[in-house]
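Please read the structure below before turning to the comments.
The values are calculated or read from the model by the stated rules, or taken from the named source; none is laboratory data. Note that the structure is a prediction, hence the values are computed from the model and not measured. Heads up, the Cβs are rebuilt from the backbone with ideal geometry, glycines too, and the neighbour counts pull from every protein chain shown. Accessible surface areas use protein heavy atoms only, side chains included; no ligands, DNA or RNA. Shrake-Rupley method; radii C 1.70, N 1.55, O 1.52, S 1.80 Å.
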Amino acid sequence: FSFNFYKLLSFSYASHIRKYIVLDKSLFDEGVGKKKKLIFTDTVFCCPWSRCCGGGDFRPRTVWLGHPEKREQRYPRNVINNQKYNFFTFLPGVLFNQFKYFFNLYFLLLACSQFVNELRLGALYTYWVPLGFVLIITIVREAVEEMRCFLRDKEVNSQIYSKLSTRGEPLFPPIKHFFFVGIIVENRTLTSITSLEDGDPPVNESLSIENTLWASTVIASGTVVGVVIYTGKELRSVMNTSNPRHKIGLFDLEVNCLTKILFGALVVVSLVMVALQHFAGRWYLQIFRFLLLFSNIVPISLRVNLDMGKMVFSWMIKKDSKIPGTVVRASTFPEQLGRISYLLTDKTGTLTQNEMVFRRLHLGTVAYGMDSMDEVQSHVFSAYTQVFPRIPYLQASRGPGAPKVRKTISSRVHEAVKAIALVHNVTPVYESNGVTDQAEAEMHYEDTCRVYQASSPDEVSLVQWTESVGLTLVGRDQSSMQLRTPSGQILNFTILQIFPFTYESKRMGIIVRDESTGEITFYMKGADVMMAGIVQYNDWLEEECGNMAREGLRVLVVAKKSLTEEQYQDFEARYVQAKLSVHDRSLKVATVIESLEMEMELLCLTGVEDQLQADVRPTLEILRNAGIKVWMLTGDKLETATCTAKNAHLVTRNQDIHVFRPVTTRSEAHLELNAFRRKHDCALVISGDSLEVCLKYYEYEFMELACQSPAVVCCRCAPTQKAQIVRLLQERTGKLTCAVGDGGNDVSMIQEADCGVGVEGKEGKQASLAADFSITQFKHLGRLLMVHGRNSYKRSAALSQFVIHRSLCISTMQAVFSSVFYFASVPLYQGFLIIGYSTIYTMFPVFSLVLDKDVKSEVAMLYPELYKDLLKGRPLSFKTFLIWVLISIYQGNIIMYGALLLFESEFVHIVAISFTSLILTELLMVALTVQTWHWLMIVAELLSLACYIASLVFLHEFIDVYFIATLSFVWKVTAITLVSCLPLYILKYLRRRFSPPSYSKLTS
């Protein structure tokens, strides 16, 4: 990685790069033409390959800038890859995934057996063409999905960036966003950065979390010189996610089970046929011949029909105008959406919009809500428009022993608003609005051109609120901040120190100097649990924080501390010394900062609300009425998660909530589980730490109680815990799970679930790219499950049963034919008849069942209880399978015995009568099965009949063309067809008349 220029260099970066190490620009500004060697040493890097091999030793990493030949190891490329296969593994992988299914392997062996002369029953193409057709359809479908995935990855991996000059012109040719190095682990730090120059002594500067740019960071002002240390597979977000597993739908497993039963029936029938021959002669060869003869019992067309049906279902989902933007990334199991029992959802960005709105300012003795913000505005206005402005030296002259003066409400409000306007990491950015250009807008602080940028939407909402009450953040850079008062005066503050928010500290602070007065103030805001021990004693903080949290508000405690110049200089000296420490740097820095965090003055509480996504409440109600249990897994704190659950009506008004107390030992977990067991119809709220303890000692008992609960909220959940919960639900209940999320921390959960749904939100597309289905809003999930999931499952069940019926009919006829003719292993139909039967003669009507529906989509959404019937798996069960087997045996016997009784003298008449009756029976059975006619179904029926009639001219080898034109043929075929179908029509009418299904009551 070589630098050929030494002016300020800005690195562009993609959203999936996790972290960056930022270098001091002075390293590059000292003279043009002097080549530098920069060495970055990370003493805590652990090689992932050594960890996999069991070593796990921490190894230093040295990155040589300008000397790539000196690197000691290769680093992963900075690319994302969501593909299941590569160029070399695609064909072997697809074939393996196909032939691991029992009946696909069976048909491969079947087709190969035709190369043995003793086992050959007909032309090779009668076995190889259907198998080849199935494989081609599968390979093409997988290739299309892999190509789409490749193009999506390529779009991200090939984003082009340009280095721009100060005039906005390209200074260098566009470069791709590839980097040679990538992320830093949060709680580990780089040891040093060494700048070497010919003849100059080495200069060491330490790097810490403050020198890190996070993913999706926007440079609001100025430029940054940086280098990336970790990329690709070494990203934290990648290491946090598990490898995507190859998901197999439950429906496919059930169909695979049914085909095994059919294979067992095939073996039994073959053995019976040979046994009735008294095992004469080469009976073992006869067994194989009968296995081939009755091979239609296991339908080869079943897999291709189901795969093509899934492609149609996926197309319908993508084309649904009521759920725009929905993408099906895994078209192999859309019917899974119709059998979901547990829905596990993230909170922020999924149920909520991740858009914060300021709702409450609490000063202890008085609180201001949305309806009283005009009072806050008037207090701020009066503070900056007093006739006698405050005199700084009078305040400064008050010593520590001076008596305290009780502050007025106006001054307290002003101090609180001022603190909120200063303690943040928000940067105002000015953009051209078409009337005013960017430079002019930035110079005059144009309100219409200003946009606030920050890493957290909470901070933006707070700064926007201070602007609404009169104190506006108009400018900021690394060392200063500017506020504008209601009167238009600009207040300048010098930023002396910033202590950023971290997960461990749960607070952030800033030390600023007011340029007009010289006052130095330390402001801090953070979570109530951390700030309670930092602020001065009070009797209202804990109570009011709890009250605001119960209202669904995110609460921050704001405090301040005035510092003298001597106090700050002493602190700065100790702080700089701690930052230069090589050993235990983080601990020493934290200790120095904590020396300031004592006896701070409590100013106020702020409450912001994360707004719910559109129609979250009705969607959750639909899911609940459909029999789906919803679990919310979030990283937020317990109070906020509980309030969101109430606000979204995840927990209904008449349900109690059991908050699982924090447990750390086995005995505590046992007592708390017993307390929860005594409650009925009660929602559970539990933290990630307590969940870990329960799963360690009482996994079975906890999962049993949790599954009985109407709703579960897990807060403070790590990404791996989310995936673990999904896995436990699958193992303990055997039910299908669906996981919904929008961020990178939800990827593991999404990939582990039976159905993963990604929501395209503000946290990027990482979740949606890794998911099986991608939606734009949470409310679309209701229609995705209630309409498309339900239809896909019912249609797939009907299609599979009909394909099995079609194969069993002809196999029953073959069995009757062989038994009548002395158990001979001679095929009834040969050549094109056997191929045409399952293709051009019956394929279109049977496949048109993918357009069938029992109720309209509006009815399915209005009555989600219809979805509950599918959870028992009744559309495709052993009962329905047995019914269709009996129907097939009945119709096959009627058609074959009818043809044997009514034929005249020649064998070809038996073929003509039985085959024509079989085709007509199949077409009529499709009509019997259809519940709502579509015009394409009628076209399919007529087209198939026309194809059969037209093909009779070319089938003179198998059928007597002159015989089928006689009246005798017509009445015999009509009689046989009526006897095979009419009783079933009568039974269907009686059943609908006396025992109608639930959906028929809604359609009538």
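The set of residues from segment 434-474 being out of contact with any Asp or Glu (no Cβ under 8 Å at 6 or more places or on another chain) and assigned to a loop (DSSP other than H, G, I, E, B) comprises Gly434, Val435, Asp437, Tyr445, Ala454, Ser455, Ser456, Val469, Gly470, Leu471. Condition check for Tyr999 on (1) in a helix (DSSP H, G or I); (2) out of contact with any Phe, Trp or Tyr (no Cβ under 9 Å at 6 or more places or on another chain): one failure, at (2). Hey, among the residues in segment 955-966 that are closer than 14 Å to Phe907 by Cβ and open to solvent by less than 20 Å² (accessible area, probe 1.4 Å), which one's modelled with the lowest pLDDT? That would be Ile959. Test Ile938 against the criterion of being out of contact with any Cys (no Cβ under 7 Å at 6 or more places or on another chain) and at pLDDT 90 or above, and give yes or no. Spelling it out, Ile938 is indeed out of contact with any Cys (no Cβ under 7 Å at 6 or more places or on another chain) and at pLDDT 90 or above.
Ser295 fulfils the conditions (1) open to solvent by less than 40 Å² (accessible area, probe 1.4 Å); (2) modelled with pLDDT of 85 or more except for a single criterion, (2).
Assessment of segment 933-942 against the conditions (open to solvent by less than 10 Å² (accessible area, probe 1.4 Å), over 17 Å from Val803 (Cβ atoms) and over 41 Å from the mean Cα position of the chain (by Cα)) yields no matching residue.
When Lys506, Lys561 are screened for being open to solvent by 30 Å² or more (accessible area, probe 1.4 Å) and in contact with an Asp or Glu (Cβ under 7 Å, 6 or more places away or on another chain), only Lys561 passes.
Count of segment 42-83 residues, restricted to those that are in contact with a Gly (Cβ under 7 Å, 6 or more places away or on another chain) and at pLDDT 60 or above, is 4.
Taken over segment 514-533, residues that are touching a Lys or Arg at 6+ places or on another chain (Cβ under 8 Å) and buried (at least 16 other Cβ atoms within 10 Å of the Cβ) amount to 10. The set of residues in segment 118-160 that are farther than 24 Å from Met843 by Cα, assigned to a helix (DSSP H, G or I) and more than 23 Å from the chain's Cα centre (by Cα) comprises Glu118, Leu119. In this structure, does Val712 turn out to be within 23 Å of the chain's Cα centre (by Cα), part of a helix (DSSP H, G or I) and hydrophobic (A, V, I, L, M, F, W, C)? Here the answer is no, as Val712 does not meet what is asked.
Consider segment 564-585 and keep the residues that are among the charged types (D, E, K, R) and open to solvent by less than 80 Å² (accessible area, probe 1.4 Å). The one that is farthest from Glu519 (Cα to Cα) is Arg585.
Cβ-Cβ distances below 9 Å connect the following pairs, each with a first residue in segment 368-380 that is more than 13 Å from Ser410 (Cβ to Cβ), a second residue that is assigned to a helix (DSSP H, G or I) and open to solvent by 30 Å² or more (accessible area, probe 1.4 Å), and a separation of six or more residues or different chains: Met373/Ser468. Restricting Leu952, Leu928, Leu1002 to those that are touching a helix residue (DSSP H, G or I) at 6+ places or on another chain (Cβ under 7 Å), surrounded by fewer than 19 Cβ atoms within 10 Å (Cβ to Cβ), within 25 Å of Ser800 (Cβ to Cβ) and among the hydrophobic types (A, V, I, L, M, F, W, C) reduces the list to Leu928.
Residues in segment 816-837 that are open to solvent by 40 Å² or more (accessible area, probe 1.4 Å), among the β-branched types (Val, Ile, Thr) and modelled with pLDDT of 85 or more: Val820 alone. Of all residues in segment 967-985, which are open to solvent by 50 Å² or more (accessible area, probe 1.4 Å) and farther than 18 Å from Leu928 by Cα? Result: Leu967, Val970, Trp971.
Checking each residue in segment 90-114 for being under 24 Å from Leu285 (Cα atoms), open to solvent by 40 Å² or more (accessible area, probe 1.4 Å) and in contact with a Leu (Cβ under 8 Å, 6 or more places away or on another chain) picks out only Leu108.
The requirement of being open to solvent by 40 Å² or more (accessible area, probe 1.4 Å), closer than 20 Å to Arg550 by Cα and touching a Cys at 6+ places or on another chain (Cβ under 9 Å) is fulfilled somewhere in segment 656-678, by at least one residue. Annotation note: of Glu701, Glu692, the sole residue that is within 22 Å of Asn745 (Cα to Cα), of a type outside the set (Ser, Thr, Tyr), over 22 Å from the mean Cα position of the chain (by Cα) and open to solvent by 10 Å² or more (accessible area, probe 1.4 Å) is Glu692. Note on segment 799-810: residues that are surrounded by fewer than 24 Cβ atoms within 10 Å (Cβ to Cβ) and of a type in the set (Gly, Ala, Ser) amount to 1.
Kindly evaluate Leu920 against the criterion of being surrounded by 14 or more Cβ atoms within 10 Å (Cβ to Cβ), in a helix (DSSP H, G or I), without any contact (Cβ under 8 Å) to a residue 60 or more places away in the chain and in contact with a Ser or Thr (Cβ under 6 Å, 6 or more places away or on another chain). Against the criterion (surrounded by 14 or more Cβ atoms within 10 Å (Cβ to Cβ), in a helix (DSSP H, G or I), without any contact (Cβ under 8 Å) to a residue 60 or more places away in the chain and in contact with a Ser or Thr (Cβ under 6 Å, 6 or more places away or on another chain)), Leu920 qualifies. Within segment 624-646, the set of residues being in contact with a helix residue (DSSP H, G or I) (Cβ under 7 Å, 6 or more places away or on another chain) and of a type in the set (A, V, I, L, M) comprises Ala626, Val630, Met632, Leu633. So which residues in segment 923-945 are outside any helix (DSSP H, G or I), of a type outside the set (Phe, Trp, Tyr) and without any contact (Cβ under 8 Å) to a residue 60 or more places away in the chain, if there are any at all? Scanning segment 923-945 gives no hits.
Scanning segment 306-343 for residues that are over 16 Å from the mean Cα position of the chain (by Cα), open to solvent by 10 Å² or more (accessible area, probe 1.4 Å) and over 26 Å from Tyr101 (Cβ atoms) returns Lys318, Lys319, Asp320, Ser321, Lys322, Pro324. Among (1) outside any loop (DSSP other than H, G, I, E, B); (2) over 20 Å from the mean Cα position of the chain (by Cα), there is one condition Gly364 misses while meeting the rest; what is its number? For Gly364, the failing item is (1). Close contacts from segment 525-539, counting a first residue that is under 12 Å from Leu556 (Cβ atoms) and a second that is in a helix (DSSP H, G or I), with Cβ to Cβ under 6 Å and a gap of 6+ residues or different chains, come to Asp528/Cys545. Being touching a residue at least 40 places away in the same chain (Cβ under 8 Å) and either more than 30 Å from Glu155 (Cα to Cα) or surrounded by fewer than 19 Cβ atoms within 10 Å (Cβ to Cβ) (or both) is a condition met by no residue of segment 740-759.
Just name the residue that is least open to solvent (accessible area, probe 1.4 Å) out of those in segment 586-607 that are without any contact (Cβ under 8 Å) to a residue 40 or more places away in the chain, assigned to a helix (DSSP H, G or I) and of a type outside the set (Asp, Glu). Here the answer is Val592.
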